[in-house]
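See structure below.
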């Protein structure tokens, strides 16, 4: 089924989002990476890449995969805006938990009209971040540059603020919540352990708890480095 506004099928929109996420830092999207994300066979990805190249949404990078064209990126950001507005509306107005809202938004993003999405955004006061801290693209297709640092890259003794948590795994979101790793929270990295591999953190609060964060979680928590004493706190509207 094609989207009523863009004319793109649900599968093409899913590909656009997946390619965008893989190419955020100037990389490319390989056949195997897309197959893993979308849980499909590599042969299907190859065929879709060819059709998307013919439609002008991607361009091939020899021996590396594909990248989005300007038109492909516009469409990817449009889908991301729909998804993240839906997540925000579902959590703020319908009391969805942050670990459950991603899958619900995945289902709705292909069916909701652009008019409905814009009405939701206006009702919410045009938020800039979704419940997981990810930036919401504007209607004009502009988006805040994501911070490339993840918690597992922070050196012992450094302080950082949680900016976002990847939302594609509900178990990760539950673990992040249990560890106090919510967007806007300041933490200090105490040490990195090898057996088992983990990062020990302390939430920056009076008598804040100390927590061991396993690598599969630490690599999915995006942070900004700094100090709460001299850095304005990041708000997630």
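The values are calculated or read from the model by the stated rules, or taken from the named source; none is laboratory data. Just so you know, these numbers come straight off a predicted model, no measurement behind them. Don't worry about glycine lacking a Cβ; one is built from the backbone with ideal geometry, like all the others, and counts go over all protein chains shown.
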I'd like the residue in the stretch 198-219 that is touching a strand residue (DSSP E or B) at 6+ places or on another chain (Cβ under 9 Å) and part of a loop (DSSP other than H, G, I, E, B) and, out of all such residues, is surrounded by the fewest Cβ atoms within 10 Å (Cβ to Cβ). 209
Any residue in the stretch 72-93 that is over 18 Å from residue 142 (Cα atoms) and over 20 Å from the mean Cα position of the chain (by Cα)? yes
Given the structure, is residue 157 out of contact with any helix residue (DSSP H, G or I) (no Cβ under 8 Å at 6 or more places or on another chain), surrounded by fewer than 17 Cβ atoms within 10 Å (Cβ to Cβ), modelled with pLDDT of 95 or more and in a loop (DSSP other than H, G, I, E, B)? no
Over the stretch 131-154, the set of residues over 14 Å from the mean Cα position of the chain (by Cα) and either more than 18 Å from residue 214 (Cβ to Cβ) or surrounded by fewer than 19 Cβ atoms within 10 Å (Cβ to Cβ) (or both) is 138, 139, 140, 141, 142, 153
How do the pairs read when you match residues in the stretch 193-208 that are under 16 Å from residue 178 (Cα atoms) with residues anywhere that are at pLDDT below 80 and surrounded by 12 or more Cβ atoms within 10 Å (Cβ to Cβ), using Cβ under 7 Å and keeping only pairs 6 or more apart or on different chains? 202/208; 204/228
When the residues of the stretch 67-111 are filtered to those that are closer than 16 Å to residue 8 by Cβ and in contact with a strand residue (DSSP E or B) (Cβ under 7 Å, 6 or more places away or on another chain), which remaining residue is surrounded by the fewest Cβ atoms within 10 Å (Cβ to Cβ)? 69
Would you please name the residue that is modelled with the lowest pLDDT, looking only at residues in the stretch 161-181 that are under 16 Å from residue 224 (Cα atoms) and in contact with a helix residue (DSSP H, G or I) (Cβ under 7 Å, 6 or more places away or on another chain)? 166
For a quick check of your reading of the model, give me the residue pairs whose first member lies in the stretch 150-177 and is without any contact (Cβ under 8 Å) to a residue 60 or more places away in the chain, whose second is assigned to a helix (DSSP H, G or I), with beta-carbon atoms closer than 8 Å and at least 6 apart or on different chains. 165/172; 165/173; 165/176; 166/172; 172/216; 172/217; 175/217; 176/217
